[in-house]
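Take a look at the structure below.
The values are calculated or read from the model by the stated rules, or taken from the named source; none is laboratory data. What you see is a predicted model, and the numbers here were worked out from it, not measured in a lab. Cβ placement follows ideal geometry from the backbone for every residue including glycine, while neighbour counts extend to all protein chains displayed.
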Amino acid sequence: MTDRPVWQPSASRAALESRAQLLAHVRGFFSERRVLEVETPVLGRHGVTDVNLDGIPSAVDAGGVQGGWLQTSPEYHMKRLLAAGSGSIFQIARVFRNGERGKRHNPEFSMLEWYRVGFDDQQLMREVADLVCGWLECSPPVTLSYREAMQSIAGIDPMTITDRDLERYCEQWLEPEQLAGLGRDGCLDLVMSFVVEPKLGCEQPVFITRYPASQAALARISEHQGFRVAHRFELYIHGLEICNGYWELTDPAEQRARFAADNHLRRASGKPEMALDESFLAALETGLPECAGVAMGLDRLLMLKLGSRNIQDVIAFPIERA
Amino acid sequence: MASYSTNEFRSGLKVLLDGDPCIMLENEFVKPGKGQAFNRVKLRNLMTNRVWERTFKSGESLEAADVVEQDMEYLYTDGEFWHFMLTDGSFEQYAADAKAVGDTVKWLKEQDVYTVTLYNGAPLTVTPPNFVELEVVDTDPGMKGDTAQGGSKPATLSTGAVVNVPLFITIGEVLKVDTRSGEYVNRVKSS
């Protein structure tokens with residue numbers, strides 16, 4: 001079964017032009033706001049602990065460094081710049097995630113990531129709306145909490161549903177033995193991506209906010225209506241997840257504890273534990289300024305601009321052709 | 001037997017599911033940026049032809065099914081089995097039972113080439129080419145010159161298949177028939 005090699009790009013000339021315009025739009029947007037463009041390594045010594053992110057190991061052997069990882073996001077390096085006093089920064093980065101390939105995924109993709117010193121999640125959401133709606137010429141987003149979205153679309157309350165009832169709900173897609181290792185957040189992810197996500201942002205863009213604390217990742221956590229929720233937001237347009245932002249966690253002890261919890265989850269699910277990025281933790285100990293940050297998938301923004309349902313329409317050479 | 005993990009899933013893959021050989025029709029990768037990845041898969045059960053929808057967690061795997069499709073020439077039937085021979089020059093023969101031959105039996109013509117799907121080395125299904133050419137062995141008398149007008153009549157072909165044909169068709173003519181719809185396509189010019 002040898003497929004003939006395809007040398008042609010999968011993206012049209014119009015898509016290539018649209019990509020160039022998007023990059024110009026982004027750079028113009030941040031230049032006006034005096035946000036500094038930076039570049040950080042694509043290849044680093046450390047991977048990430050996040051149990052749902054699989055890095056791609058490298059085989060670098062230079063400068064006394066061996067192994068290493070293609071970065072899943074420029075987050076740690078950019079936060080080190082922030083700790084060093086860079087002020088607000090943005091980056092258009094190539095990032096890598098193993099195992100991710102589909103109509104909305106390519107293992108290598110373009111990520112716009114930026115950090116605003118002194119912003120909280122609310123302020124950053126306004127800036128995200130300006131950037132995205134300026135590019136797509138769409139109406140401004142509405143905001144819905146994670147709980148409201150799950151309640152109104154899936155009919156379950158993610159904050160109060162028992163593990164047993166949640167598993168029972170998920171049995172329409174998975175066998176009981178498959179559910180066993182999934183965990184509460186895995187079940188919620190399933191409901192989110194199978195039931196809720198396709199309905200999000202169909203009329204106008206929608207921000208989802210106040211994620212359960214267990215899905216905080218690197219966002220700070222506070223109490224809302226008696227539940228611990230993360231200062232994390234995502235933007236959805238036409239059922240497509242566009243970005244993920246945080247009012248950033250700056251507490252090094254809490255960060256170390258979350259990394260340890262990640263590695264615990266990794267162990268439990270049979271994945272290798274990841275060494276902690278001590279340079280990043282040292283930067284946090286020195287002091288990350290109060291800031292909010294967000295990562296945005298530029299390929300998906302292009303899909304929306306061009307009305308495409310497949311990421312290969314906007315990437316010149318997706319992995320099979322690369 | 002080998003197995004395929006979710007990262008290897010793609011349409012066309014032949015896998016075992018609940019003990020039955022299946023072919024993967026569609027594979028959709030679904031993953032929130034910060035969440036659990038799933039593969040939503042559509043498969044056709046090759047035993048029952050039924051389409052199944054299943055969900056897999058990233059990292060799960062399915063056993064590969066020993067299913068191969070081969071071009072084979074139809075030789076003859078002994079009443080219980082239908083005998084086919086590989087066209088690769090090996091002269092290797094396979095006997096397909098009535099279940100494997102299924103509806104294809106009405107399109108089987110000796111020396112024509114069919115796609116035989118083998119499961120664990122035994123014929124599982126026999127698929128006819130999209131078009132076959134068969135002789136009319138019985139039909140009502142033809143109505144000469146009536147080529148423009150509509151209307152049709154049944155005609156029995158050499159394999160026993162009955163298809164609707166235009167009124168002008170006569171016994172002994174060779175017809176091209178679409179096996180997917182069972183419809184008459186045209187007359188084949190006799191040499």
Give the residues of the range B:73-96 that are among the polar types (S, T, N, Q) and either out of contact with any strand residue (DSSP E or B) (no Cβ under 8 Å at 6 or more places or on another chain) or more than 22 Å from B:ASN120 (Cβ to Cβ) (or both), sorted by residue number.
B:THR77, B:SER90
Right, B:LEU108: modelled with pLDDT of 95 or more, more than 19 Å from B:ASP178 (Cα to Cα) and outside the structural domain of B:ILE23 (by TED's automatic domain parsing) or not?
no
Could you pull out the residue among A:LEU112, A:LEU36, A:LEU131 that is within 27 Å of A:LEU281 (Cβ to Cβ) and either crowded, with 20+ Cβ neighbours inside 10 Å or touching a Pro at 6+ places or on another chain (Cβ under 8 Å) (or both)?
A:LEU112
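Quick one: is B:MET47 surrounded by fewer than 16 Cβ atoms within 10 Å (Cβ to Cβ) and of a type in the set (A, V, I, L, M, F, W, C)?
Against the criterion (surrounded by fewer than 16 Cβ atoms within 10 Å (Cβ to Cβ) and of a type in the set (A, V, I, L, M, F, W, C)), B:MET47 qualifies.
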Within the range A:261-307, track down each residue that is within 13 Å of chain B (Cβ to nearest Cβ), in contact with a Leu (Cβ under 7 Å, 6 or more places away or on another chain) and not in a helix (DSSP H, G or I).
A:VAL294, A:MET296
Looking only at the range A:42-60, decide whether some residue is without any contact (Cβ under 8 Å) to a residue 24 or more places away in the chain and farther than 29 Å from B:PHE29 by Cα.
yes
Considering only strands (runs of 3 or more DSSP E) fully contained in the range B:33-91, which possess at least 1 residues that are within 13 Å of another protein chain (Cβ to nearest Cβ), free of Cβ contacts under 8 Å to residues at least 60 places away in the same chain and within 30 Å of A:LEU112 (Cα to Cα)?
B:38-45, B:51-57
Residue list for the range A:308-321, restricted to those being in a loop (DSSP other than H, G, I, E, B) and either surrounded by fewer than 16 Cβ atoms within 10 Å (Cβ to Cβ) or in contact with a helix residue (DSSP H, G or I) (Cβ under 7 Å, 6 or more places away or on another chain) (or both)
A:ARG309, A:ASN310, A:VAL314, A:ILE315, A:ALA316, A:PRO318, A:ILE319, A:GLU320, A:ARG321
Sort through A:ALA149, A:ALA230 and tell me the only one that's of a type in the set (Gly, Ala, Ser) and assigned to a strand (DSSP E or B).
A:ALA230
Could you please tell me which pairs satisfy a Cβ distance under 9 Å, a separation of 6+ or placement on different chains, a first residue in the range A:142-168 that is over 11 Å from A:ARG210 (Cα atoms) and without any contact (Cβ under 8 Å) to a residue 40 or more places away in the chain, and a second residue that is part of a strand (DSSP E or B) and hydrophobic (A, V, I, L, M, F, W, C)?
A:SER152/A:LEU144; A:THR160/A:PHE227
Counted residues in the range A:155-197 being of a type in the set (D, E, K, R), facing chain B (nearest Cβ under 10 Å) and either closer than 23 Å to A:ALA268 by Cα or loosely packed, with under 14 Cβ neighbours inside 10 Å (or both) come to 3
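Among the residues of the range B:181-191, count how many are exposed (fewer than 13 other Cβ atoms within 10 Å of the Cβ) and part of a strand (DSSP E or B).
2
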The range A:198-220 - residue that is assigned to a loop (DSSP other than H, G, I, E, B) and within 11 Å of another protein chain (Cβ to nearest Cβ) and, of those, nearest to A:PRO141 (Cα to Cα):
A:ALA216
Of those in the range B:1-32 that are in contact (Cβ under 8 Å) with a residue 40 or more places away in the chain, part of a strand (DSSP E or B) and more than 12 Å from chain A (Cβ to nearest Cβ), the residue farthest from A:GLU234 (Cα to Cα) is B:PRO21
Within the range A:27-53, restricting to residues that are of a type in the set (Val, Ile, Thr) and in contact with a helix residue (DSSP H, G or I) (Cβ under 7 Å, 6 or more places away or on another chain), the one that is farthest from the other protein chains (Cβ to nearest Cβ) is A:VAL38
Could you go through the range B:154-161 and let me know if any residue there is within 30 Å of B:ASP66 (Cα to Cα) and modelled with pLDDT under 95.
no
Return the residues of the range A:278-288 that are under 21 Å from the mean Cα position of the chain (by Cα) and either more than 12 Å from A:PRO252 (Cα to Cα) or free of Cβ contacts under 8 Å to residues at least 40 places away in the same chain (or both); say none if nothing qualifies.
A:LEU281
Residues of the range B:148-180 that turn out to be hydroxyl-bearing (Ser, Thr, Tyr), farther than 18 Å from B:LYS109 by Cβ and part of a loop (DSSP other than H, G, I, E, B), as a count:
1
Within the range A:148-187, track down each residue that is in contact with a strand residue (DSSP E or B) (Cβ under 7 Å, 6 or more places away or on another chain) and modelled with pLDDT of 95 or more.
A:ALA149, A:PRO158, A:MET159, A:TRP173, A:LEU174
Would you check if there is a residue in the range A:90-104 being closer than 24 Å to A:PHE29 by Cα and within 12 Å of chain B (Cβ to nearest Cβ)?
yes
Verdict on A:GLU75 being over 25 Å from A:THR250 (Cα atoms) and at pLDDT 95 or above
no
Name the residues in the range A:26-61 that are acidic (Asp, Glu) and not in a strand (DSSP E or B), would you?
A:GLU32, A:GLU39, A:ASP50, A:ASP54
